[in-house]
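The values are calculated or read from the model by the stated rules, or taken from the named source; none is laboratory data. Note that the structure is a prediction, hence the values are computed from the model and not measured. Virtual Cβ from ideal backbone geometry, glycine too; neighbours counted across all protein chains shown. Side chains are part of the model used for accessible areas, which takes the heavy atoms of the whole protein and leaves out ligands, DNA and RNA. Shrake-Rupley method; radii C 1.70, N 1.55, O 1.52, S 1.80 Å.
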Amino acid sequence: MANYYNFKNIVDDFKLLQEKHKILNSFGIGDIRDLIFLTQQKTDENYSSKVSTDNTNNNAPTYPLLYIVPQPATRYDGYITYAFNVIVCDIDNTKNKDIQVDLWSDTLEIAEDILAQFKYSVISSQGDYASKYDVVLPTGISPFSEMYEDLLIGWNLQLQVMVDKPLNRCIAPFNDFN
């Protein structure tokens, strides 16, 4: 039987990517309205390591943050394309334009790291994403600055991931119709 990847596998790979990235400190997934109420993970309070623990206090994420907003998937006969808005952002409490330019520059580099990981990592020590997924290029990467409780600066990468997954009635969990 072939090893087909599903939505959860992709989300797990996003989370692993965040954990292995040397700059990203938090991961979240959900609706954009939930962004500031991230409850999935946070970095250890002492910042000395990237040890993830459950965030049971509804604390805001530790930045820079990788946040995934699922979009509609498109089903074809032999594969499925999952779409994600991949938000990479950092916080700016200074409201200094020079700092904002630096944050846009840094978070764009991180967004491109994510895209490159999905497209070009071909060996197991790099996660081997390219053997699992095919990324649709070109893709859009849009800058943003949004005022929530804090000013967030970053980029929204519109990532489409194609996965081999034939539509198969034979494996559907139905009882006999007789």
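Points to keep in mind about this one:
- Sequence-ordered 3J(HN,Hα) estimates for region 23-34 from the Karplus curve with 6.51, -1.76 and 1.60 and θ = phi - 60° stand at 10, 5, 10, 9, 9, x, 9, x, 6, 4, 5, 8 Hz, glycine and proline given as x.
- Rough spin-label spacing in nm, given labels placed 7 Å along Cα→Cβ, for Asn9 and Met162: 1.6 nm
- Exposure rank, largest accessible area first [Ser121, Ser145; 1.4 Å]: Ser145, Ser121
- Gain upon complete extension [Ser145, Ile171; 0.36 nm per residue less C-alpha separation]: 4.8 nm
- Per-peptide average of other Cβ atoms within 10 Å, ordering 64-71, 91-98 highest first: 64-71, 91-98
- For Asp98 and Val122, a Förster radius of 41 Å and the Cβ-Cβ distance give a FRET efficiency of 0.60, rounded to the nearest 0.05.
- Region 14-22 - phi-based ³J(HN,Hα) in whole Hz, Karplus 6.51/-1.76/1.60, Gly and Pro as x: 4, 4, 4, 4, 4, 5, 8, 6, 6
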